[in-house]
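Q: A single structure is presented below for examination.
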Amino acid sequence: MIAKRIAAILAAWMACGLAGVGARTNHGTWTVESVLARLDEASKTFHSLSADVERTKVTVVVNDQSTETGTIVVRADKMLLDIKAPDKRTILRTGDMVYVYTPGLNRVEEYNLGKNRTLADQYLQLGFGMSGNELRKSYLVTIVGEATVGDKKTVEVELTPKSERVRQQFSKIEIWLDEANWLPAQQRFDETGSGDYVVIHYTNVALNPEVSDSQFKPRWPKGTERVKPQQLSGSM
């Protein structure tokens, strides 16, 4: 299903792994209300973000882990993810369009989000400028506790999607918010049914860097094959 494919592209990237998380402590003075209030304040001054990312996919049934590394730039409804290793790939989201460029195949897949844009925005903005009020609308929020991720002191928040469509993709999402800037230090997405999960670790995070529109222009080498999978698979 194309909608699920798009959700997977955007969310699965949104390595360390949980071994990189220090012991949890009880959350003391942190409550749902106080954390959401901090996110409300942080969202007022958030404009853009850049970071290095490391994504680990864990397939439980075969006890397998695979890791990809790259960089990410986010601004409003735009995202540029450059995967550097092990296989180069670029994922570009701008407005309603998502492009997946694979240089090894000399091919770019083009997806129009259409009616799935709201769903995509939940993933793209999760922790990146989403206010506490917006978070509450989309998720049941639980404070798990404080934990150290790398050298960052974080608040671990568990999110249970309210939308049935989102729950079909992920049973829960965990996000470790850096107490210094209220941006994600780490995210974990638990896939529904399989027990598989994805952990994404963010380092070298820069808040509000200068980001130009030109960085989000879809530019591909001459001769790149353009594929529109939704035209092959019917309606979304």
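Q: How many percent of the accessible area of the stretch 29-119 is carbon or sulfur, using a 1.4 Å probe? Provide the component values of the computation, followed by the final result.
A: Working: 2200 of 4350 Å².
Here it works out to 50 percent.
Q: Which Cα, out of S138, V157, I173, lies furthest along the positive dipole direction of the stretch 122-175 (beta carbon charges, K/R +1, D/E -1)?
A: Going by the Cα projections, it comes out as S138.
Q: Can you quote the Å³ per residue value for the convex hull of the Cα atoms in the stretch 89-236, rounded to an integer?
A: 156
Q: Using every Cα-Cα pair within the stretch 34-146, state what percent have a distance larger than 19 Å.
A: Details: 3731 of 6328 pairs.
Summing the P(r) of the stretch 34-146 above 19 Å gives 59 percent of all pairs.
Q: So with the 1.4 Å probe, I'd like the accessible area per residue for the stretch 26-99, rounded to whole Å².
A: Per residue, the stretch 26-99 has 50 Å² of solvent-accessible surface.
Q: If the viscosity is 0.692 mPa s and the temperature 37 °C, what Stokes-Einstein diffusion coefficient in µm²/s follows for the stretch 138-186 when Rh is the Kirkwood radius over Cα pairs? Mind showing how you got there, number by number?
A: Values: Rh = 11.3 Å.
Translational D for this selection: 291 µm²/s.
Q: What lysines sit close enough to K228 to cross-link, taking a C-alpha to C-alpha distance under 29 Å and skipping anything fewer than 8 places away on the same chain?
A: K4, K57, K78, K84, K88, K115, K217
Q: If you don't mind, there's one more thing I want to ask. Starting from a Cα-only point model with no solvent, please compute log10 I(q)/I(0) by Debye for the stretch 166-230 at q = 0.11, 0.19, 0.22, 0.26 1/Å.
A: Debye output, listed in q order: -0.52, -0.92, -0.92, -1.01.
The values are calculated or read from the model by the stated rules, or taken from the named source; none is laboratory data. The model shown is predicted, which means the values in this text are computed figures rather than measured ones. Neighbour counts run over all protein chains shown; Cβ positions are idealised from the backbone, glycine included. Accessible surface is based on the protein model in full, side chains and every heavy atom, while ligands, DNA and RNA are left aside. Shrake-Rupley method; radii C 1.70, N 1.55, O 1.52, S 1.80 Å.
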